[in-house]
Every structure is written in C-alpha cells, then in structure tokens.
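Colleague: One structure follows; several queries about it will come next.
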Amino acid sequence: MTKTWIRLSHFRGKCWPCAQSVTTNWSMLLNNLANQLSFHFHHRGNDEDLDQVITLHWEPLALRPVSHTDWYMSLNNLANKLSSHFEHRGKDEDLDQAIVLQMEALALLSH
C-alpha cells in the first residue's frame, strides 16, 4: 500500500503520512482529532489546544470542494470552535467570523 503525505498547512506545517485509502476520509479524521484536542482543552485549559482545534477545523474546508455534502458541517464545526475561542479570549473577530460562517452554513442548507 502506498503512502501519501498530506501537509496540514495550518497545523504547525507538519506533514502527516496516511494510506491512500485514508485520504478520502481525511476530513473526518481531522474532525475527530479536533474533538479530542477540544476535550483536552476543556480538561486542562491549554490555550494552544484550542488554537490547534480551530486550525484543524479550517483544514476540511481546504480539502473539500464547496459542493461537498458535508461542507456546511465543516463551517458549523469551525464556527462553534470560534465561538468557544471568543468565550475564552474575548476577541471580537472570533465571534464575528463565527457568525459569518454560521450564516454561510445556513445558506447552503437552504438551497
């Protein structure tokens, strides 16, 4: 089985090896990793974990075409984590961006 390297551009520039058959589910795996880091953040309160969670939720948007059936879910996941980031750090731009992403997700569902 051949291996493919996927660069997670926002996740500290690391390359991650994966089997060719796994690349089709890469977005799901990224989401699962983001969820685990989110649990880690809530348990330990490490700011870097929350930053990585947001980074990981950006990646599926780069990997999937807008027409993908789960695009709205990726927008929703990212928006939720940006809201958490806002609650934790109080940065207005996080909340503003979360609102825009939620509106985009709703617009996709209304078509």
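Colleague: Being of a type in the set (Ser, Thr, Tyr) and out of contact with any His (no Cβ under 9 Å at 6 or more places or on another chain) is the filter here, so list the residues in region 47-83 that pass it.
Modeller: Once the filter is applied, which keeps residues that are of a type in the set (Ser, Thr, Tyr) and out of contact with any His (no Cβ under 9 Å at 6 or more places or on another chain), region 47-83 yields 67, 69, 72, 83.
Colleague: Have a look at 75, 61 and point out the one that is under 18 Å from residue 25 (Cα atoms), touching an Asp or Glu at 6+ places or on another chain (Cβ under 6 Å) and not charged (D, E, K, R).
Modeller: Exactly one residue qualifies, and that residue is 75.
Colleague: Something else now. Scan region 96-111 for residues that are closer than 19 Å to residue 34 by Cα and open to solvent by 40 Å² or more (accessible area, probe 1.4 Å) and jot them down.
Modeller: 97, 102
The values are calculated or read from the model by the stated rules, or taken from the named source; none is laboratory data. Since the model is a prediction, treat every value here as computed from it, not as a measurement. Every residue, glycine among them, receives a Cβ derived from its backbone with ideal geometry; neighbour counts consider all protein chains shown. These area figures cover heavy atoms from the full protein model, side chains too; ligands, DNA and RNA do not enter into them. Shrake-Rupley method; radii C 1.70, N 1.55, O 1.52, S 1.80 Å.
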